[in-house]
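S.K.: One structure, as structure tokens, below. Some questions next.
The values are calculated or read from the model by the stated rules, or taken from the named source; none is laboratory data. Note that the coordinates shown come from a computational prediction; the quantities given were computed from them, not determined experimentally. We place every Cβ from the backbone using ideal geometry, glycine too, and count neighbours over all the protein chains shown. For the accessible areas, the whole protein counts, side chains as well, though only heavy atoms, and no ligand, DNA or RNA atoms are used. Shrake-Rupley method; radii C 1.70, N 1.55, O 1.52, S 1.80 Å.
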Amino acid sequence: MSAGARPALARFARSAPRVAVLAVAALALAACGGGTEKTESPSASSSAPADGGGKPAAFPVTVAHKYGSTTIDKEPKTVVTLGLSDQDAALALGVKPVGAVDWFKEKPYGKWPWAKEKWGSTQPEIVGERDEYNIEKIAALKPDLVIAQYSGMKKEQYDTLSKFTKVVAQPKEHPDYGAPWQLMTQQIGKALGKDAEAAKLITDIDARFKAARDKHPEWATKTLAVADSFEAGKYSAFTKIDPKSIFFQELGFKLKPEIDTLSKPGFNVAELSAEKLNVLDVDRLVWVTSSTEANDRIKAEPLYKKLKVHQEKRDLFVPYQDPDIGAAFSFNTVLSIPYAIDEIEPLLAAVK
């Protein structure tokens with residue numbers, strides 16, 4: 001990934017549907033009637049377990065989603081993920097997708113430190129960019145399961161894919177890009193016949209967040225905001241439904257409600273002019289940036305210089321990449337969260 005492309009995930013939050021992971025949701029999934037998809041016979045050598053995997057649960061399993069429900073009759077062997085971060089949960093559960101979608105024509109699959117070992121020398125076929133899928137490429141892979149959780153899959157796409165494979169679309173209880181990471185992990189685990197493994201992943205991540213909160217009880221009294229800026233005079237503060245904000249809330253911080261009041265309904269960012277930067281005068285301010293030049297530009301803004309959070313050095317400028325801290329809490333998956341906690345905790349603890 002080029003240096004200029006580093007903030008791709010952060011940029012996506014402003015150019016795709018403006019909703020992201022919610023903080024808390026019930027993890028129970030409704031098991032409804034069977035799906036209508038036909039199943040292609042999978043290749044025996046496709047989608048080998050990334051880590052040996054656990055023992056598959058008894059099949060068939062039925063997974064409810066936005067477009068109904070899908071019954072999967074036997075353990076999937078050839079899996080394609082169409083959600084922007086779905087590959088992480090699949091990898092964590094021991095399955096390497098044979099196909100996945102791209103972030104802005106980038107291919108970071110073997111690069112991200114939290115997923116590198118899981119992929120090994122294998123990388124998926126790129127079968128689309130965001131919500132634009134190449135149906136022919138997907139069909140050529142002969143998947144017996146397509147997963148689209150962190151996605152905006154349309155009904156027409158679902159119907160087309162369902163003609164030749166099983167499809168588990170995004171959760172029905174939440175808007176597109178709006179399901180919590182816990183629920184998406186459970187959906188993927190159920191579809192793969194790995195309910196117990198998925199539940200353990202969720203429990204382990206929850207324990208990691210709790211350990212950080214217990215270590216830093218003072219964070220519960222602090223307000224925090226996450227922001228970015230891609231051009232001079234224009235700033236974005238992330239709302240409570242953005243995965244970045246949720247990540248820090250799960251670490252124990254309080255979010256600032258005023259940011260949500262400044263955003264458009266359903267958007268995960270509030271667009272700010274320099275004159276409105278005072279909304280970012282919080283106890284901890286985390287900038288997710290792409291370069292030292294961007295950092296210097298923000299710090300040079302006269303109205304930003306007046307903020308106490310800056311004057312008292314309570315603002316953190318966190319790189320999106322190299323190290324991949326911003327990317328990790330932007331993904332906010334069962335694989336990236338532990339890495340994000342390990343990287344951000346000492347930075348936050350150093351701020352007095």
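S.K.: Condition check: touching a Ser or Thr at 6+ places or on another chain (Cβ under 6 Å) and open to solvent by 10 Å² or more (accessible area, probe 1.4 Å). Does N268 satisfy that?
M.R.: So N268 does not fit the description; no.
S.K.: For region 196-219, give me each residue that is surrounded by 17 or more Cβ atoms within 10 Å (Cβ to Cβ) and under 13 Å from A92 (Cα atoms).
M.R.: Matches in region 196-219: E197, A198, L201, I202, I205.
S.K.: Additional query: If D102 satisfies all but one of (1) assigned to a loop (DSSP other than H, G, I, E, B); (2) at pLDDT below 90; (3) of a type outside the set (A, V, I, L, M, F, W, C); (4) open to solvent by less than 30 Å² (accessible area, probe 1.4 Å), what's the number of the condition it fails?
M.R.: All conditions are met except number (1).
S.K.: Hey, another quick one. For K215, indicate whether it is under 23 Å from T71 (Cα atoms) and basic (K, R).
M.R.: no
S.K.: Can you list residue pairs whose Cβ atoms sit under 9 Å apart, with the first residue in region 226-255 being closer than 23 Å to E275 by Cβ and modelled with pLDDT under 95 and the second being open to solvent by 30 Å² or more (accessible area, probe 1.4 Å) and assigned to a strand (DSSP E or B)? Count only pairs 6 or more apart in sequence or on different chains.
M.R.: Going by the 9 Å Cβ cut-off, the qualifying pairs are G233/S273; K234/E271; K234/S273.
S.K.: Right, E250: of a type in the set (D, E), touching a Lys or Arg at 6+ places or on another chain (Cβ under 9 Å) and surrounded by fewer than 17 Cβ atoms within 10 Å (Cβ to Cβ) or not?
M.R.: It is false that E250 is of a type in the set (D, E), touching a Lys or Arg at 6+ places or on another chain (Cβ under 9 Å) and surrounded by fewer than 17 Cβ atoms within 10 Å (Cβ to Cβ).
S.K.: Determine, yes or no, whether Q170 is part of a loop (DSSP other than H, G, I, E, B) and touching a Lys or Arg at 6+ places or on another chain (Cβ under 9 Å).
M.R.: Spelling it out, Q170 is indeed part of a loop (DSSP other than H, G, I, E, B) and touching a Lys or Arg at 6+ places or on another chain (Cβ under 9 Å).
S.K.: K222: open to solvent by 30 Å² or more (accessible area, probe 1.4 Å), farther than 23 Å from P97 by Cα, in contact (Cβ under 8 Å) with a residue 40 or more places away in the chain and of a type in the set (D, E, K, R), yes or no?
M.R.: yes
S.K.: May I pose another question? Out of everything in region 318-352 that is open to solvent by 20 Å² or more (accessible area, probe 1.4 Å) and small (G, A, S), what residue ends up being farthest from L201 (Cα to Cα)?
M.R.: Checking each candidate, the answer is A350.
S.K.: So, in region 300-316, of the ones that are under 16 Å from V282 (Cα atoms) and of a type in the set (D, E, K, R), which residue ends up most open to solvent (accessible area, probe 1.4 Å)?
M.R.: Among those that are under 16 Å from V282 (Cα atoms) and of a type in the set (D, E, K, R), it is K313.
S.K.: Follow-up question, since we're still on this one. Looking only at region 227-247, decide whether some residue is among the aromatic types (F, W, Y) and surrounded by fewer than 16 Cβ atoms within 10 Å (Cβ to Cβ).
M.R.: Within region 227-247, one or more residues are among the aromatic types (F, W, Y) and surrounded by fewer than 16 Cβ atoms within 10 Å (Cβ to Cβ).
S.K.: What number goes with the only condition from (1) modelled with pLDDT of 95 or more; (2) touching a Leu at 6+ places or on another chain (Cβ under 9 Å); (3) in a loop (DSSP other than H, G, I, E, B) that I138 does not pass?
M.R.: Unmet for I138, out of (1) modelled with pLDDT of 95 or more; (2) touching a Leu at 6+ places or on another chain (Cβ under 9 Å); (3) in a loop (DSSP other than H, G, I, E, B): (3).
S.K.: Moving on. Working carefully through the options T185, T221, T203, T165, find the one that is of a type in the set (S, T, N, Q) and touching a strand residue (DSSP E or B) at 6+ places or on another chain (Cβ under 6 Å).
M.R.: T165
Conditions (1) closer than 16 Å to T333 by Cα; (2) open to solvent by 10 Å² or more (accessible area, probe 1.4 Å); (3) in contact (Cβ under 8 Å) with a residue 40 or more places away in the chain; (4) not in a loop (DSSP other than H, G, I, E, B), marked per residue:
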residue: L91; (1), (2), (3), (4): yes, no, yes, yes
residue: Y150; (1), (2), (3), (4): yes, yes, yes, no
residue: M153; (1), (2), (3), (4): no, no, yes, no
residue: F164; (1), (2), (3), (4): no, yes, yes, no
